[in-house]
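Encoded as structure tokens, the structure appears first; notes follow it.
Read-outs throughout are calculated quantities, based only on the coordinates presented, and are distinct from any laboratory measurement. Remember, predicted model here, so these are calculated numbers, not experimental data. Heads up, the Cβs are rebuilt from the backbone with ideal geometry, glycines too, and the neighbour counts pull from every protein chain shown.
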Amino acid sequence: METKLIKLYLLICRLYDTQPVLKQQRLSNNHQPLFSDEELLTMYLFGHLQGLTTQRRIYDYMLNHWRAWFPALPSYQTVNCRLNELAPAFELLIEHLLVSGAWHIGATDDRLIDSVPVMLARGTRANRGRVAADLADTGFCATKQQHYRGVKLHFIAARRIRQLPLPEKVHLSRASQHDLSALREVSPSLPAGCGLFADKAYFHRDTQATCKERGWFLVAAYKRHRHETEKDVPTLYNRFVSAIRQPLESLFNWLIQTTDLQNASRVRSSQGLKVHCYGKLAVACLLLTFYS
């Protein structure tokens, strides 16, 4: 376990050495704090790797079991406040890990696309929420059949045989944004001849034609129109698309169980919401690439 902690710290230090923009956050009189940002990121990620999903539990765990490794560990309030300023570091770490894990992806591998909701409040409380008003709003989760306040994380992931898909691109949007609109906004660049498998929310003739012009294919489950009956729906085709997409659903389920990504009820600010999303995604990328 000590070796894992050391390797994780060295990984974070390499990230800071290769990304000068992270050090520019410290261009002040306190540019060299006793408890460094590298130590703070290491503590957060290491706690998650031990199965702890809240910042309070991570802090108590490090305080009680690893205090000798972090002698300058400040108070919980200070750690929490400083962590909320490190969302850009988590984003760069995710990008670094996904690039380093790109060797797992073949040029001809199919891609899967879908979104997972991150909920600040749900049900009757969804319309009363006011946290992170610049990022979050009210949307509807079809899987749980309930309204919620929060954001969506849109994933484009490479399909791998007998393994969880490997995320290539992650996009954060408001809960109310339609998945098809998010796809147009992201405008992914995929290898020629690659198939992008999606559910019926992405079914749109014009979008499929646009994708084909770019050299790849959007394969979405058929969405029945109002004037059509159940007999008009190509059932076997939809089953085929669902079977291809199933590993992405497994990835979401694993991600929620491992990091508690979907539950953001403890978040109290926009910066905290970003850290919640990108921090837990960084943990998932670590497990999929660095520790797989």
Amide H contacts under 5 Å for L218, placed H, 5+ residues apart: L196, K212
By the mean-Cβ-within-10 Å protection proxy, highest first, 56-67, 256-267 rank as 256-267, 56-67
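With all pairs of different alpha carbon atoms counted, what Kirkwood hydrodynamic radius in Å does the stretch 136-213 show?
In the stretch 136-213 this quantity evaluates to 14.0 Å.
Given an 8 Å cut-off on Cα distances and at least 6 residues of separation, report the relative contact order of the stretch 151-292 as a percent.
17
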Pairwise centroid distance, computed over Cα atoms, of the stretch 178-224 with the stretch 59-86, Å: 44
With the 8 Å Cα cutoff and a minimum separation of six or more residues, the chain has a relative contact order in percent of 20
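For a quick check: sort L49, L10, L40 by the number of other beta carbons within 10 angstrom, fewest at the front.
L10, L49, L40
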Taking only DSSP H segments of four or more residues, each worth -39500 (n - 2.57), what value at 222 nm results for the chain once the sum is divided by all its residues, to the nearest 500 deg cm²/dmol? -13500 deg cm²/dmol
Could you give me the ³J(HN,Hα) list for the stretch 67-84, computed from phi with Karplus coefficients 6.51, -1.76, 1.60 and θ = phi - 60°, whole Hz, x at Gly and Pro? 4, 5, 7, 10, x, 9, 4, x, 5, 4, 5, 5, 4, 5, 5, 5, 5, 5
Against the longest principal axis of the chain, how steep is helix 87-100, in degrees 0 to 90 to the nearest 10, with axes from Cα atoms? 60
Give, in nm to one decimal, the length gained when the segment between E249 and C13 is fully stretched (0.36 nm per residue of separation minus the Cα-Cα distance). 81.6 nm
Between helix 235-259 and the chain: long-axis angle, C-alpha atoms, 0 to 90°, nearest 10: 10
If we count other beta carbons within 10 Å of each Cβ, what is the order of K280, K169, fewest first? K169, K280
For the stretch 199-264, rounded, prolate or oblate, judged on the Cα gyration tensor with a ≥ b ≥ c (square roots of eigenvalues), a/c < 1.5 rounded, else prolate if a/b > b/c? prolate
Enumerate the calculated ³J(HN,Hα) couplings along the stretch 190-196 in order (Karplus 6.51 cos²θ - 1.76 cosθ + 1.60, θ = phi - 60°), each rounded to whole Hz, writing x wherever the residue is Gly or Pro. 10, x, 4, x, 7, x, 10
Under Stokes-Einstein, the stretch 2-83 at 10 °C and 1.306 mPa s, with its Kirkwood radius over C-alpha pairs, diffuses with a coefficient in µm²/s of 119
For a Förster distance of 45 Å, can you work out the FRET efficiency between the beta-carbons of T53 and E230, rounded to the nearest 0.05? 0.60
List the residues whose amide H sits under 5 Å from the amide H of Q146, counting only those 5 or more places along or on another chain, with H placed 1.01 Å from N in the peptide plane. C141
Which of the GluC sites (Glu not before Pro) found in the stretch 187-292 are in a DSSP loop and have at most 11 neighbouring Cβ atoms, other than their own, within 10 Å? E228
If you add up the charges near L153, with Lys and Arg at +1 and Asp and Glu at -1, over every other residue whose beta carbon is less than 13 angstrom from its beta carbon, what do you get? +2
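Mind checking the full-extension length gain between S75 and S269? Use 0.36 nm per residue of separation minus the Cα-Cα distance, one decimal, nm.
Once the chain is fully extended between S75 and S269, it gains 67.9 nm.
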Equivalent-ellipsoid semi-axes of the stretch 30-172, from the Cα gyration tensor, Å, largest first: 30, 25, 14
Return one number: the angle in degrees, 0 to 90 and rounded to the nearest 10, between the long axis of the Cα atoms of helix 55-65 and the longest principal axis of the Cα atoms of the chain. 40
Phi-based couplings in Hz for the stretch 269-282 (Karplus 6.51, -1.76, 1.60; Gly and Pro marked x): 7, 5, 5, x, 5, 5, 5, 4, 6, 6, x, 6, 5, 4
Which residues' amide hydrogens lie under 5 Å from the amide hydrogen of R122, considering only partners 5 or more residues apart or on another chain, with H built in the peptide plane? R149
